Amino acid sequence: MAIGESLPMLDSRERVTGQVPYMANMRLPGMLYAKVLRSPLPHAQITRLDASAAAAMPGVIAVLAAADFDAPGAPELFYGFRLRDQPVVAKDKVRYVGEPVALIAADTPEQAEAALYAIEVEYEELPAIYDPVEAVQPGAPQLHDATPENRMVHAKLRHGDIEAGFAEADLVIEETYTSPLAQQTSLEPHITIAEWKDGKLTVWSGAQAPFGIRNNLAELFHLEREQVRVIVPPLGGAYGGKGHIRIEPMAAALAWKVGGRPVRLALERAEEFVTVTKHAATIIIKTGVRNDGTFTARQVTTYWGSGAYADASPGLVPAGMVRSVGPYRIPNVHIDSYGIYTNLPPSAAYRGAMSSQSAWAYESHMDTIARRLGRDPLDLRLQNLLVSGDHFATGEEMHDVHFVECLEASARRLGWDQPLDRGVGSIRRGRGCAVMMKSTVATSRSEARLEIDTQGQVTLYTSTVEMGQGAHTALAQVAAASVGVPVSSVRVVGPDTAVTPFDPTTSASRSTNMMGAAILNSGAALKRKLIEAAAPLLEEPTDHLSAADGAVFVTASPAERISYVDILRRSALDKLDATGEFSTKGGLDPETGQGIATPHWHQGAGACEVEVDIETGKVCVTRYAAASFAGKVINPVLADLQNDGNVIFGMGPALFEEMVIDNGQIVNPNLSDYMIPSFLDVPAELNSVLVESEKGEFHGIGEMTLPPVAPAIANAILDAVGVRIASLPITSEKVLRALLEA
Amino acid sequence: MLLKDSFTVNAPPDRVWAMLENIPRLSQCVPGVEAVEATAPDTYRGVLKVKVGPIAAVFTGQVYITDRAPGERLTAEVEGQDKSSASLVKATFTGTLAPSEGGTIFNYEMDIALRGRLAQFGLAVVQGVAKNMTASFAECLQAMIASEPLSRNNPTTH
Amino acid sequence: MMRFLQPETLREAIDLLSADSSSTTLIAGGATVVLMLQQKLITPEVLVSLARIPGLRGVREDGDRIHIGALTVHREVEESPLIRARYPALSHAASVVGNIRVRNQGTLGGNLGEADYASDPGAVLMALNATIITAGPSGGRRIPASEFFVGFYTTALKEGEIITDIEIPVLPEGTRMAYLKYKSRSSEDRPCVGVTAVAAFANDRCTDLRVAVGAASEIPRRLPKVESMAQSQALTDELIREIAESYAANIDTLDDLRGSAWYRTQMIRVHVRRALEEVRHGNR
């Protein structure tokens, strides 16, 4: 049985022996190296740019600046996933420290680097703005002429009568929560190689959305989509940071200027920090509640600091709007979600995108409410959590939702009902829990192709990106099950837009669900073809035949069978293949936020125990239990590792991760000063629970248990020492100050 | 980042002020400052060499006196760049003088925007370096005043 | 292009370093030099590696002294039976430097020479009254650890001087010591504050107390006047609190990403107290 089996990753041997063909190791003959000259100022007019000296430096093959885009036949200067507001290299104006201003391609990286210093740029500094709330105030510096008050996106939800809802409440509580800029911090940085040959562009890139990037590049270079080929090798992590078009235009435009030799652009760690970030957020949340614990109304206003360019925000801010409500029955809901330009690097997806920030607010808020009502926080949640058949704030009916099971499972695993040793000396212990809901992409389509050859080898062609999460292994298991062959007979061909069928993106935990379903459909189609080919050989009509275990057989008489291999051989076929797809439709009304937010809901919960040292404020997470709704588990070990990984990943932004900005300059752009968790930070007891349902749909589980981490920890701190920290990260110093002020 | 510090000079505010007005001379009291010259009224050009262990920077830049209240307050804008580390510094300096028991308390505030590679070096080091420079400056200023003849009517340059 | 040179004698290394010290950087294990190179904070023309010079690595006993070669990596310091037996606090400090990759690569001499304030071993060596032994163009010098650190990333080393050895006097029987590394963020962070306490007792009274606080200020600090408060006294709760309070009050703390100056002052108070409680009760 391929489904439900804990197989190791298909390429686990390659992974531990350093044989995975990462972008980082890829070199092409004649390849040039690119370096980026970046703006030192957060907001400035470029008054002069002279690269003539740089162009004459040894080894320099090409220099690219905004003026190059004025030439006849030149590509478009501006690109973007939805809103094309971002220049490949700055023209006239820079809008954040680190914005690309000019590009160099040279024979060696050292020559390219040396030439950067020979480019002369003069700037006239302009006033800058960094905080999203300040950026919408009258008189704030404006980044883009077309966007007054820097409001790039405004997503709304209007459900019921918010004022009436608050009027009905016995208690109305308003709080503000903040979450800072943070890094996705994939081990492998962004790397792209671009090559022009015969008017066609080939791009190798560590990217999560091969087809999206292909389409964006085709627009940028005025090409047919088929003239652009995007190939994606396995990634050394992504976490949303490689979710949209990003450094590909720079590499491709430089290669265009070079006109032949391939160009490699690989970012350094400090450049990663100015390329993409997690959205900073200020979230004002107000809830009306009756004394019996039922909710009457919720209003949420979120200011998403989106950085200087739209990047993924036009899609993510509306998604963040839906994700900011919380998985509760609330009759009257009013949400405003603003995507705001600021003079900082662009923000985009981050594992648990927008839910990490939103759940931080609504789940911390939940415990504040519970305290005010004198209720057990778990109990108050269970009273209000949405169940299948309820209607959400978007008006849609909830189906296959298991928030209650997830939360109860994590609480039970932690031992919520067990007595807690509250600590001695300077140590105080407490418990907290949190639950979250996340939508996925509402309207989307995935395709897969399966091919079987005369050796019985099944090849899965999929544009799902393997980035360490084990997607190719899980999908191979689905492919094996759908065709009826062992997993060892399946090989996976990964994303190459010239070879593998369409899929928009490996993100939003959609692949196991969407690509999994597409593979099931292509497996069924391939079986039909095998049955059709077997019918004349078995001399039976097709509706008398079934396919399983590598053979087609007569349903009523399973001993009469013919193996897949024999079907092909005896039919003189080299191979048989079939394509399958799966698509979903949905969408929300832009004025009211009513409609279908998502084809299915991502559901996760966590419960934890912490120790707080009241003399230092230091928080130690000692026990954690994480539960996600997995629908039907394909590979239990890999699924558990996703749950565990989420918790460890989430502890960073909860406790110490923060990009520190001084006058627009990031002062900790390295992994010595910017702290991510180490293995020594992993809770001594870390448990994973996978909740399944009879419906048996595959669900993505790559993010579900991450958003609850920060609020669960914060709630446990509240339980331990009675202080509420409302700004991430929850540093030791913040806790100590709060303790001394309490 | 905002730096604040103060020191006391053993001389009345008007004498300290007279010193402050002579920027090229005064700049000799800032460790690492070289080649200061006036390029226009209230505008000076100069070089600041800073060395912290193995890390060395040479900032070339300008100082503009933007506001003055003789004997009381001086405001200046400073900007400079260090080519080798691709770093830029911009700062607003406000110094105030106040009499105190026969001497002068010099309070200053400096709002510094340091950008580029050196910015990674961190708040602690920049603050520490500034503090040490302030201490040397105060000592030097005191010595300079002590070596001046005790004339109450030092000509002030504008 | 940067040149990488690997002299095979100390003399050769000193000559190379003296030839143009402003554009030459010494590299031992490379744990920090390579980071600084990658961040382009330093751009030396010449890197002089000490790796091929014999005799600079290892721990040995020499009468009433222990010598640690400058090129001894932290992991060896941690695991040396001699260090474990004689200076458990130093062994512990070495075991919590950076992470295991750093400990297997970074050297004690390199760590001292870099003089990063946010580091562990310096304060311990100061409390152990260690001596830093150097070789240089005009011969060798012995620099007491308490005089070695001068400022941020700055030491008492003169142009062309190289650390060869760290010498630590053997302590009287019954001396107890502790090193407490307080990390305000991740478990593999640099110290926010590091406190070393070394105490000798006779009849339950303190005959010698040394407390060094690292990572909280520009250089590690000892306060001899405060230390002397313990002379001939029993380490009572009250005395411990008084000493901790004095350390908190008299060290000019710094601000960085690991904590504000205010926070560090609080952490000095807490961790000096905890270190003293530890030496009062036992050993580490």
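The values are calculated or read from the model by the stated rules, or taken from the named source; none is laboratory data. Just so it is clear, the structure is predicted and the values come from calculations on it, not from any experiment. Heads up, the Cβs are rebuilt from the backbone with ideal geometry, glycines too, and the neighbour counts pull from every protein chain shown.
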Could you go through the stretch A:31-38 and let me know if any residue there is surrounded by 14 or more Cβ atoms within 10 Å (Cβ to Cβ), within 14 Å of chain B (Cβ to nearest Cβ) and under 22 Å from A:L235 (Cβ atoms). yes
Return the residues of the stretch A:656-685 that are buried (at least 17 other Cβ atoms within 10 Å of the Cβ), aliphatic (A, V, I, L, M) and either closer than 30 Å to A:V633 by Cβ or touching a residue at least 60 places away in the same chain (Cβ under 8 Å) (or both); say none if nothing qualifies. A:M659, A:I661, A:I666, A:I676
Note on B:V52: of the conditions (1) touching a strand residue (DSSP E or B) at 6+ places or on another chain (Cβ under 6 Å); (2) among the aliphatic types (A, V, I, L, M); (3) within 14 Å of chain C (Cβ to nearest Cβ); (4) closer than 21 Å to B:A135 by Cβ, unmet is (1)
I'm trying to understand the selection: among the residues of the stretch A:613-643, which are within 16 Å of A:V709 (Cα to Cα) and β-branched (V, I, T)? A:V619, A:V621, A:T622
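Yes/no per residue for (1) of a type in the set (S, T, Y); (2) buried (at least 24 other Cβ atoms within 10 Å of the Cβ); (3) under 26 Å from C:L209 (Cβ atoms); (4) away from chain B (no Cβ under 14 Å):
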position	(1), (2), (3), (4)
C:G58	no, no, no, yes
C:I68	no, yes, yes, yes
C:E78	no, no, yes, yes
C:P88	no, no, yes, yes
C:Q105	no, no, no, yes
C:N111	no, yes, yes, no
So, first residue crowded, with 23+ Cβ neighbours inside 10 Å in the stretch A:77-103, second residue of a type in the set (K, R), Cβ within less than 8 Å, six or more apart or across chains; the pairs are A:V97/A:R38; A:V97/B:R115; A:G98/A:R38; A:E99/A:R38; A:P100/A:R38; A:V101/A:R38; A:L103/A:K35
Pairs with Cβ under 7 Å, 6+ apart, first in the stretch B:103-117 and more than 18 Å from A:P669 (Cβ to Cβ) and touching a residue at least 24 places away in the same chain (Cβ under 8 Å), second charged (D, E, K, R) and in a strand (DSSP E or B): B:Y108/B:D5; B:E109/B:K4
Of the numbered conditions (1) touching a residue at least 40 places away in the same chain (Cβ under 8 Å); (2) buried (at least 24 other Cβ atoms within 10 Å of the Cβ), A:R329 satisfies every one except a single condition; which is it? (2)
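Conditions tested, residue by residue: (1) away from chain B (no Cβ under 14 Å); (2) acidic (D, E).
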position: C:F4; (1), (2): yes, no
position: C:T9; (1), (2): yes, no
position: C:I27; (1), (2): no, no
position: C:E45; (1), (2): no, yes
Can you name every one of the helices (runs of 4 or more DSSP H) wholly within the stretch A:353-442 that holds 2 or more residues which are within 22 Å of A:V300 (Cα to Cα)? A:355-373, A:377-384
Residue pairs meeting the criteria (Cβ under 7 Å; at least 6 apart or on separate chains; first farther than 19 Å from A:G650 by Cβ and away from chain C (no Cβ under 13 Å), in the stretch A:717-742; second modelled with pLDDT of 95 or more and assigned to a loop (DSSP other than H, G, I, E, B)): A:V721/A:I614; A:A742/A:G722; A:A742/A:V723
Return yes or no: is C:M177 away from every other protein chain (no Cβ under 14 Å), of a type in the set (A, V, I, L, M, F, W, C), in contact (Cβ under 8 Å) with a residue 40 or more places away in the chain and not in a strand (DSSP E or B)? no
For the stretch A:596-611, which positions are more than 23 Å from the chain's Cα centre (by Cα) and either surrounded by fewer than 24 Cβ atoms within 10 Å (Cβ to Cβ) or closer than 20 Å to C:R185 by Cβ (or both)? A:C608, A:V610, A:E611
Residues (within 14 Å of chain C (Cβ to nearest Cβ) and surrounded by fewer than 24 Cβ atoms within 10 Å (Cβ to Cβ)) located in the stretch A:612-638: A:D613, A:I614, A:E615, A:K618, A:C620, A:T622
Mind checking which pairs have a first residue in the stretch C:88-107 that is among the charged types (D, E, K, R) and a second that is part of a loop (DSSP other than H, G, I, E, B), Cβ under 9 Å, 6 or more apart or different chains? C:R101/C:A31; C:R103/C:A31; C:R103/C:V96; C:R103/C:V97
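Take the conditions of a type outside the set (D, E, K, R) and modelled with pLDDT of 95 or more and apply them to A:G240. Does it pass?
Yes; evaluated as a whole, the condition is true for this residue.
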Regarding C:G194, is this residue under 16 Å from the mean Cα position of the chain (by Cα) and either over 18 Å from C:I68 (Cα atoms) or loosely packed, with under 15 Cβ neighbours inside 10 Å (or both)? yes
Of all residues making up the stretch C:113-128, the number that are touching a strand residue (DSSP E or B) at 6+ places or on another chain (Cβ under 6 Å) and either more than 14 Å from chain B (Cβ to nearest Cβ) or more than 16 Å from C:E78 (Cα to Cα) (or both): 8
Give me a count of the residues in the stretch A:654-671 that are touching a Lys or Arg at 6+ places or on another chain (Cβ under 8 Å), in a loop (DSSP other than H, G, I, E, B) and more than 8 Å from chain B (Cβ to nearest Cβ). 2
Within the stretch A:31-44, restricting attention to residues that are in contact with a Lys or Arg (Cβ under 7 Å, 6 or more places away or on another chain) and within 18 Å of A:L103 (Cβ to Cβ), which residue is modelled with the lowest pLDDT? A:P40
Return only the number of the condition from (1) of a type in the set (S, T, N, Q); (2) within 20 Å of A:H602 (Cα to Cα); (3) at the interface with another protein chain (Cβ under 9 Å from one of its Cβ atoms) that A:S688 does not satisfy. (3)
Quickly run through the stretch C:249-260 and pick out the residues that are closer than 27 Å to C:D237 by Cα and within 9 Å of chain B (Cβ to nearest Cβ). C:D252
Top-ranked residue in the stretch C:138-158 [being more than 14 Å from chain B (Cβ to nearest Cβ) and of a type in the set (A, V, I, L, M, F, W, C); ranked as farthest from the chain's Cα centre (by Cα)]: C:I143
Only strands (runs of 3 or more DSSP E) wholly contained in the stretch A:551-612 count here; list those with 3 or more residues that are closer than 18 Å to A:E451 by Cα and touching a Ser or Thr at 6+ places or on another chain (Cβ under 9 Å). A:575-584
Would you confirm, using the coordinates I've provided, whether A:M651 is within 12 Å of chain C (Cβ to nearest Cβ), crowded, with 21+ Cβ neighbours inside 10 Å and not in a loop (DSSP other than H, G, I, E, B)? yes
Every residue from the stretch A:682-724 that is within 27 Å of A:S439 (Cα to Cα), among the aliphatic types (A, V, I, L, M) and in a loop (DSSP other than H, G, I, E, B): A:I701, A:M704, A:L706
